Each structure stands twice: as C-alpha cells, then as structure tokens.
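What follows is a set of notes on a single structure, which appears directly below.
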Amino acid sequence: MSKTSLRVMSMNVENLFSPGIQFYKSMYSQQEYDEKVDWIGSMISQCQAHVVGLVEIGEKAQKCANDIMQAANNKDKTGSKHKFEFKYLASPCKGSTKIRTGVISRFKLTGGESLSTYPKGFRADLYKPGTNEDKKKNWIEVPSKGFSRPVAKVTVNPPKGANSFNIFVVHLKSKRPNKAAHDGFNEAIGIVRSAIQRNIEAGALRYYFDTFLPNQYKKNKKVATIAAGDFNDTPTSVPFENIRGTFDTVPGPASKWSAADKKRLVSCSRLHLKISAHEDKLYSYVHNESFTLIDQMLVTEHLVKKFARMEIYNDHVFRHEEMSSPTDQEKQWKSAVSDHGVVLVEFKGMLK
C-alpha cells in the first residue's frame, strides 16, 4: 500500500448491540460483546483502513463506535500517526429496532446528516389495473415514506491539503420476507413486499443523488462522493443499477466522460472486474445457498482513475454462528463475528 493511498472499508457488523441490551429476543453477554468488538478491530487493522462505514450498529451506538475505534487502534500496526478518533452515527429510523449506520475515521468528519425520510418531492405510484392514461386519478401511491434503515452522510477531511470527499453509508431493505397474518404469513407475498420496499428506497436514494451530485459538482467539483454499505442486492440488480444511474457512455479509466456522466456513480465491483476478477468470484453473503455480493461501493468519476483494487474478506462468513446460544432464536440473530464479508477499496494518490 502506497503512503498516499486511501483505504475505505465497509462492514456490516451484524447486530452489534451493547451487552445487556435485548434485540430480536437475543442479548450479548459482556464477554461475547468484547470478543466481537475485538474481532471487528482485528478486521479493521488487517485492512489498514482509514475510513470505515459501519452497518447494523444498535442501541448505545456511540459506545459501540468508541469501543470499535479503541480495538482498532490497539491492534493497529501501520505506524500511522492518525488514529481512529472521529465518528458519526446516524439516528435510527422511526419504528426501527434502533439499528443504524455510521462512519468511523482517522480523519476529521464534518457535516454529518441522517437521511431517514425520502427527499421532498419523491413518491412512487402505480397505474390502476386496466388503465394506461396518464391522469392523476389513474395512479395509486405506494405508501412508503422513508428508509427502513437510515443513510449516514458525512464529509471526510484528510489532512495536509488533500481533497475532502463525501461518504454515504447505506443499508437497504433486506430480502427477508415481510410476512403478515392476514395472508397466512405467505412467504411469496412477503418477498414481494420486501422487494418493493428495497426498490423504492433505491429510487429515493437515486432521486436524492440526482440533486446532490450536480450541486456538489457546482459547489466544488474536486470533492468526490462514495456510497458504501449493505445494498441487499447484487451489482446487476434493478435497485443497485437505479442508484448508480444511467450513463450516456460506457465509463472507465480511459473513457471520455460526458457532463451528465460526471454526476453519476460507478460500481467498484465493475472497476474490479475490468482488472482481475469475474463477478461470480466475488461474494460477501450467502443467501439461500447462493453466494452473492450485496456489500458494495459506488464512486463518482473522481475516483475511477484512482481505483487501485477492491478486496473482500469473507472467510468468516461460514463461521458467523460460532457462539453458544441457548435457543435457535438467539443463534439466528447474534454471532461472534458477522454474517457479511468485509469490503475494502483502495484509491491511489488520495493522501498527501
């Protein structure tokens, strides 16, 4: 790793709640919590990350983030004078189980913001069956007003004159069926509900970026933007491609970028594919016996030429349940490690 390289990490830590706090009928003991935080710190140290997007931080999130930073600093072997000391935790969404997203960083963070409700003006509606006339009376609005998990937005400020950059940490609705008693807890219907919510959340995020990115480019075109986290869908899925946006051309390190394309996001998995790997060799999660890449990063054109590599650490995914739990319910929701792989992306020449 070059001294001027920036390493950004994204990690779903799987329900990290403070010891003694009940969640989903589960609870960590002090020892279990300490061991899990120690493992998270080890992963951050192994990745030599500068900035980490965290997903599934629970109740008492400030304490959890502080404990992770301390563990990472204790295990740090980079010799860097910049220790983890800055954090931003998004506020949990209304009605959620206090799960949130956040960022910890070796560099100063500014402008933290929690995105929980959809942007003003965004709505998703459908044609009523049997009509195709574009009249207001022929549309039915889908009753979804906000994200199931908050989006954490913050600006990272590296030292010594290096350019700042924005990072958004995302956790879209999962594929887990949203079952209901009135339909007999039908799994097929539950999967449809979850897919609708995930697609709407992705559309709302794209709607936000369609305003935010042009404004950022106008304000300071040197400031890059990263969107990272648990998208709960693959690089070629409809929700993920919607967030990325449609390109005029096929962007790449050597391509000429149109004015519109400069205000779009590019998938790091696609940049990785151009260099050394096939998509089916990358995975961060195992769902229904399928190896899937749902933990990802998107970047603006500033970082395409600076892209050096993407690494995914996923050996632990197969042992995430290595914890003594008295019930199957507990075993399902808490673990000694995480059920998600860790995504690390390195960008060259970002630090002075």
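The values are calculated or read from the model by the stated rules, or taken from the named source; none is laboratory data. Here the structure is a predicted model, which is why all the values come from computation and not from measurement. Reconstructed Cβ throughout: ideal geometry from the backbone, glycine too, with neighbour counts over all protein chains shown.
Overview of results
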| read-out | value |
| --- | --- |
| Enumerated strands (runs of 3 or more DSSP E) restricted to the range 256-311, each holding at least 3 residues that are modelled with pLDDT under 85 | 285-287, 290-292 |
| Tally, over the range 82-104, of residues that are small (G, A, S) and within 22 Å of G41 (Cβ to Cβ) | 2 |
| Count of the range 141-172 residues which are over 29 Å from R7 (Cβ atoms) and either among the basic types (K, R) or surrounded by fewer than 16 Cβ atoms within 10 Å (Cβ to Cβ) (or both) | 4 |
| Selected residue (only one of K128, K137, K108 is within 30 Å of Q62 (Cβ to Cβ) and basic (K, R)) | K108 |
| Residue tally, condition among the hydroxyl-bearing types (S, T, Y), free of Cβ contacts under 8 Å to residues at least 40 places away in the same chain and farther than 17 Å from I294 by Cα, over the range 166-217 | 0 |
| Top-ranked residue in the range 70-80 [being surrounded by fewer than 22 Cβ atoms within 10 Å (Cβ to Cβ) and touching a Lys or Arg at 6+ places or on another chain (Cβ under 9 Å); ranked as farthest from E346 (Cα to Cα)] | N73 |
| For K128: the one exception among (1) out of contact with any Phe, Trp or Tyr (no Cβ under 8 Å at 6 or more places or on another chain); (2) surrounded by fewer than 17 Cβ atoms within 10 Å (Cβ to Cβ); (3) of a type outside the set (G, A, S) | (1) |
| Qualifying residue in the range 237-247 (condition: at pLDDT 90 or above, among the small types (G, A, S), more than 24 Å from S114 (Cβ to Cβ) and surrounded by fewer than 22 Cβ atoms within 10 Å (Cβ to Cβ)) | yes |
| Selection from the range 182-232 of residues that are closer than 24 Å to D125 by Cα, part of a helix (DSSP H, G or I) and of a type in the set (A, V, I, L, M, F, W, C) | A188, I189, I191, V192, A195, I196, I200, A202, A204, L205, F209, F212 |
| Qualifying residue in the range 6-20 (condition: β-branched (V, I, T), in contact (Cβ under 8 Å) with a residue 60 or more places away in the chain and on the phi < 0 side of the Ramachandran plot) | yes |
| Index of the failed condition, V170 passing every other in (1) out of contact with any Ser or Thr (no Cβ under 9 Å at 6 or more places or on another chain); (2) at pLDDT 90 or above; (3) hydrophobic (A, V, I, L, M, F, W, C) | (1) |
| Some residue of the range 128-151 being aromatic (F, W, Y) and touching a Pro at 6+ places or on another chain (Cβ under 7 Å) | no |
| Positions within the range 95-113 being of a type outside the set (A, V, I, L, M, F, W, C) and buried (at least 20 other Cβ atoms within 10 Å of the Cβ), in sequence order | R100, T101, G102, S105, R106 |
| Residue in the range 185-207 that is modelled with pLDDT under 95, touching a helix residue (DSSP H, G or I) at 6+ places or on another chain (Cβ under 6 Å) and surrounded by 12 or more Cβ atoms within 10 Å (Cβ to Cβ) present | yes |
| Selection within the range 1-44 - among the aliphatic types (A, V, I, L, M), within 28 Å of K153 (Cβ to Cβ), touching a Phe, Trp or Tyr at 6+ places or on another chain (Cβ under 9 Å) and not in a strand (DSSP E or B) | I21, M43, I44 |
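Residues are listed down the side, and each one gets a yes or a no for (1) over 19 Å from L16 (Cβ atoms); (2) part of a loop (DSSP other than H, G, I, E, B):
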residue: G53; (1), (2): no, no
residue: G79; (1), (2): yes, yes
residue: Y88; (1), (2): no, no
residue: C93; (1), (2): no, yes
residue: T110; (1), (2): yes, no
residue: L115; (1), (2): yes, no
